Amino acid sequence: MRENAKLAIMFADIAGSTKLYETIGDAKAREITSRCIELLGGITKSHGGQVVKTIGDEVMCTFPSADAAAEASVQMQEDVAAQAIRWGTALKIRVGFHFGDVIKENNDVFGDAVNLAARMAAQAKGDQIITTGDTLEVMSPHLRMDSRMLITTTVKGKSKPIQIVELTWGEEEELTVMGGLSPAIVAPKTTPSMVVSFNDEKVILSETQSVVSFGRGSTNTFVVPDNMSSRVHSRVEYRRGKIYLVDQSTNGTYVMNAKGQQTFVHRDELPIEGSGVIGLGRIVTPDDPLAVHYKQ
């Protein structure tokens, strides 16, 4: 029987499972991944969701609301992190979900929302929960508070740009006061800031403006018109008191600091501080017109 419905579609899978098998051996890795998948299924059901299928080390499930999916995803990350310590592994999961219209048929679901949820999961790294801006809008305010917009980008099959959002979890709500000191004499937490500029444009990156993006695509903060640059190439983001360069490109990103030290980043992230220049897909110098500059 075919039926139309509005559901949250989620994909959760084990990050780096191939490395896990190489590190601890086939038998133990198989046991741990099976226990992890079982844990994810149990959390899904406890939040009113339904496991649609498991594909290797990935679970596909549905939830009646965006809130239920968000709450389940946070519990998944927290419980897996706790169990990984007990299992003696560095096991991590990545989660992506989207709320939208689907077609239910023969205990499976189909439609654009399913495809978009899968793309959100593909964007996530280990320990991350990724969803869309549209999904965030229908979530309760207390859940929206624990989120940050990563980037607005084009997604294959969608005519309009999609906002990609991360749900944060596991962060301390308050500073721990050590040694019996009164809170009045604890040094206040400082918030770093960084000026990121390209040609005559500049953005002050801080807790308020937490992400700037670079690439050939028109949706980026800075549009870098170079054939070595991907449409959505890389970004600089403020996260938990530090500033990172995150590459998601084909050709990688080159960073040169004020001392002239070069670092190449490809599909990975790099903490940055001080000052320097960023090259999209190529090495640049400070006077290069294609150089993105950063300075604290």
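Just so it is clear, none of the values below were taken in a lab; they were calculated from the coordinates. The shown structure was predicted, so the numbers you read here are calculated from the model rather than taken from an experiment. Neighbour counts run over all protein chains shown; Cβ positions are idealised from the backbone, glycine included.
Here the gap between Asp101 and Arg2, fully extended at 0.36 nm per residue and compared with their Cα-Cα distance, gives a gain of 34.3 nm.
A simple spin-label model places pseudo-atoms 7 Å from Cα toward Cβ; at Arg144 and Glu22 they are separated by 4.3 nm. By definition, a body whose alpha carbon gyration tensor gives a ≥ b ≥ c is prolate when a/c is 1.5 or more and a/b is larger than b/c, and the stretch 19-95 fits this prolate description. Taking the alpha carbon gyration tensor of the stretch 1-41, multiplying each eigenvalue by 5 and rooting it gives semi-axes of 31, 11, 8 Å, largest first. A simple rule links phi to the HN-Hα coupling: the Karplus curve 6.51 cos²θ - 1.76 cosθ + 1.60 with θ = phi - 60°, which for the stretch 115-129 gives 4, 5, 4, 5, 5, 5, 5, 5, 6, 6, 9, x, 6, 9, 10 Hz, with x for Gly and Pro. With all projection directions averaged, the alpha carbon convex hull of the chain covers 18.9 nm². Roughly how many whole Å is it from the C-alpha centroid of the stretch 236-250 to that of the stretch 1-41? About 27 Å separates the Cα centre of the stretch 236-250 from the one of the stretch 1-41. Straight-line cross-link partners of Lys104 among the aspartates and glutamates, defined as a Cα under 18 Å from its Cα and at least 8 positions apart when in the same chain: Glu3, Asp112. Got a sec to turn the phi values of the stretch 208-218 into Karplus ³J(HN,Hα) couplings, 6.51 cos²θ - 1.76 cosθ + 1.60 with θ = phi - 60°, whole Hz, x for Gly and Pro? Values per residue, Gly and Pro as x: 6, 9, 8, 9, 10, 10, 10, x, 6, x, 6 Hz. Considering only Gly100, Ile14, Tyr254, whose Cα is most displaced toward the positive end of the charge dipole of the chain, charges sitting on Cβ of Lys, Arg (+1) and Asp, Glu (-1)? Towards the positive end, the residue furthest out is Tyr254.
The charge dipole of the stretch 1-138, taken about its Cα centre with unit charges on the Cβ of Lys, Arg, Asp and Glu (plus for the first two, minus for the last two), comes to roughly 320 debye.
The 3J(HN,Hα) values that the Karplus relation (6.51, -1.76, 1.60; θ = phi - 60°) gives for the stretch 272-286 are, in residue order, 10, 7, x, 9, x, 10, 10, x, 8, x, 7, 6, 10, 10, x Hz. Gly and Pro appear as x. Cross-linked pairs Lys6/Lys160; Lys19/Lys259; Lys19/Lys242: Cα-Cα separations exceed 25 Å for Lys19/Lys259; Lys19/Lys242. Loop-located GluC sites (Glu not before Pro) in the stretch 190-259 (DSSP state not H, G, I, E or B) with no more than 14 neighbouring Cβ atoms inside 10 Å: Glu207.
Across all C-alpha atoms in the stretch 2-167, the radius of gyration and Dmax reach 15.5, 46 Å. Around the Cα centre of the stretch 194-295, unit charges on the Cβ atoms of Lys, Arg, Asp and Glu (plus for the first two, minus for the last two) sum to a dipole of about 200 debye. Distance between the pseudo-spin-label points of Ile85 and Arg282 (7 Å out from Cα toward the beta carbon): 4.9 nm.
Charge dipole (Cα centre; +1 on Lys/Arg Cβ, -1 on Asp/Glu Cβ; no other charges) of the chain amounts to roughly 440 debye.
If the cut-off is 16 Å between C-alpha atoms, which aspartates and glutamates fall inside it for Lys53, apart from same-chain ones fewer than 8 positions away? Straight-distance partners of Lys53: Asp13, Glu38, Glu105, Asp108. Rg of the Cα atoms in the stretch 194-295, relative to 2.2 N^0.38 Å, amounts to 0.94. Pairs of alpha-carbon atoms within less than 8 angstrom and 6+ residues apart define the contacts here; what relative contact order does the stretch 2-167 have, in percent? About 25 percent, as a whole number.
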